[in-house]
Every structure is written in C-alpha cells, then in structure tokens.
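I have placed the structure first, in the form of structure tokens, so that the comments after it can refer back to it.
The values are calculated or read from the model by the stated rules, or taken from the named source; none is laboratory data. Since the structure is predicted, the reported quantities are computational estimates derived from the model, not experimental observations. Quick reminder, even Gly has a Cβ in these numbers, built from the backbone with ideal geometry, and neighbours come from all protein chains shown. Ligands, DNA and RNA are stripped out before the accessible areas are found, and what is left, the full protein with its side chains, is counted by its heavy atoms. Shrake-Rupley method; radii C 1.70, N 1.55, O 1.52, S 1.80 Å.
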Amino acid sequence: MQIFSKLFIDAASYIEESEYWTYLILYLFKGDRFYLVGFANTYDFFLEFARKRRRISQFVILPPFQRRGHGNQLIKILYETAKADPQCTEITVEEPAPEFQLMRLNYEVQVVLNEIGHILFRDLQSGLVSSVVDYEKLRIPRSLIEEVRKHEKICMEELYRVFELIKYALIDRSKEEIVHNFKKDLYHRMTRTTFIDYNQVIKCRQIYVKGEKSLHFSLIRSRSRRRDIMQADGFTSDEACKFDRS
C-alpha cells in the first residue's frame, strides 16, 4: 500500500514498521467487495514520561473518492483517536499540502465552534461585528485557548489560526477601522512568531558552530521554516541542507 504514498505525495518515503507508527485505512464496502478509499499514518514523539506528540505523516484519499467527504471522516477519526489517548498532548502535521491544510482548518473550525461557540457569540449583537467595542469582545482569553487545546489536542499555533479565521468571518469588512484592528492583531501574532523563530536560529547558529548539531531539532520543528530563516540570517543553502542532515 505504501506505493500510493510514492505516487500521490511529493518526496514521500517508505516507512519502516515500528511501534511508534499508527496506520488507519479507510475502506468502502459496496456489494460484496471492499474498495480502498484512502489511508493515513501517524508517528508518536515522546516528550517526557507519559506524554507524547502525535504527528500526521502521510494522508491520502485516492482520486476516485476525493471530494465526497471521506477526507473529513478520516481526519475526524485521527483527532478522535488522539483525544482518546490520555498520553497524547497534541496532534500536528508534517509539512501539510495546501489542500490538506484547508480540510484540516475546516474540521478544526467546526470543532472549536462546537466547543466554545456559545462563549464567542454570547456578548455579540446580531449581525457582523461593526464597532470597536464589539471587536474587543472577540478577543479570546489565553486560558480559554489553553482549555480548548488540552481537550481537542489541537496545537497552539494552529488554534490561533483557527480563531483568526472565525474572527475574520465575524467582522464587517466594509468598516475600515475594524479591518485595520484585525490586520494589526494578525501582524502582532505573526511578528511575535517570527522573532521567536529568529532567536531560535541564533541559538542554532551558536550550536552549529560548537558542533552540537543534533540539538537543533528541539529548537525549530518546521524544516522549511528553519531553512528559510537560516538562509535569511546568512547561511548558504548548502549549509542549511547540511544542518538538516546532521
């Protein structure tokens, strides 16, 4: 079955059997036959005793069965199995494709709205948010975000993106002041993340110079982001690739 990974996923590689891998296979039973619809696999990273992060590595829905809701069903199962595992703290995705990211966000927005939608809309007037006073009511306390993260196993960076999508859907985009406030909040969040990554790259450069190259994986998890920031900070592409292979 791994041949489908090579056919439908760019730069996919074969997976060696291990107790840390989990495989989910989606079949369609029609008549007296079973049809392979798609599959997904996840890998568990143990953070410390009795705590682990689950990462979706490969996710494929075969072309004849796409755009029929099978992907949403499979991703729902992935999240529900993570929620049922008391050791799992969050579920992430390894370099998601744009189509998968849209599907993932669609599912996560529905989950968050079902979880705390009544809180989000409790103090809002009917219709779109068109005043600064109502816009301030859309600010979500970090304690509430943390509560959703723990219950739904959605990583914090992804949760911020979900709340921004919900906020963007609720604001009156014809009001210049409201749109400006939304852009400012978005800019602050993205800038804060960029500065954090930049500081991590400085640490990586110091570690790289010292020869302790194996520690860089604990500092920046996204390989593509790590390479982009390293090159922006003066690393050549060859150095960045060498750094990743270490």
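Quick check, is residue 239 surrounded by fewer than 16 Cβ atoms within 10 Å (Cβ to Cβ), over 18 Å from residue 92 (Cβ atoms) and modelled with pLDDT of 55 or more? No: the conditions fail for residue 239. Look at region 166-178: where a residue is touching a residue at least 40 places away in the same chain (Cβ under 8 Å) and a partner is crowded, with 17+ Cβ neighbours inside 10 Å and part of a loop (DSSP other than H, G, I, E, B), sitting 6+ places away or on another chain with Cβ atoms under 7 Å, you get 170/138. Kindly evaluate residue 3 against the criterion of being on the phi < 0 side of the Ramachandran plot, open to solvent by 50 Å² or more (accessible area, probe 1.4 Å), among the β-branched types (Val, Ile, Thr) and free of Cβ contacts under 8 Å to residues at least 24 places away in the same chain. It is true that residue 3 is on the phi < 0 side of the Ramachandran plot, open to solvent by 50 Å² or more (accessible area, probe 1.4 Å), among the β-branched types (Val, Ile, Thr) and free of Cβ contacts under 8 Å to residues at least 24 places away in the same chain.
Filtered by the rule that a residue be of a type in the set (Phe, Trp, Tyr) and either in contact (Cβ under 8 Å) with a residue 60 or more places away in the chain or under 22 Å from residue 189 (Cβ atoms) (or both), region 85-120 gives a lone residue, 107. Quick one: how many residues across region 142-166 are over 23 Å from residue 85 (Cα atoms) and open to solvent by 70 Å² or more (accessible area, probe 1.4 Å)? Number of matching residues: 2. Just one of the listed residues (159, 138, 144) is outside any helix (DSSP H, G or I) and within 15 Å of residue 113 (Cα to Cα), namely 138. The residues of region 136-153 that are in contact with a Phe, Trp or Tyr (Cβ under 8 Å, 6 or more places away or on another chain) and either farther than 18 Å from residue 92 by Cα or among the hydrophobic types (A, V, I, L, M, F, W, C) (or both), listed by number, are 140, 145.
Is one or more of the residues making up region 168-182 surrounded by fewer than 14 Cβ atoms within 10 Å (Cβ to Cβ), of a type in the set (A, V, I, L, M, F, W, C) and over 30 Å from residue 49 (Cα atoms)? Checked against the condition, which is being surrounded by fewer than 14 Cβ atoms within 10 Å (Cβ to Cβ), of a type in the set (A, V, I, L, M, F, W, C) and over 30 Å from residue 49 (Cα atoms), region 168-182 yields at least one hit.
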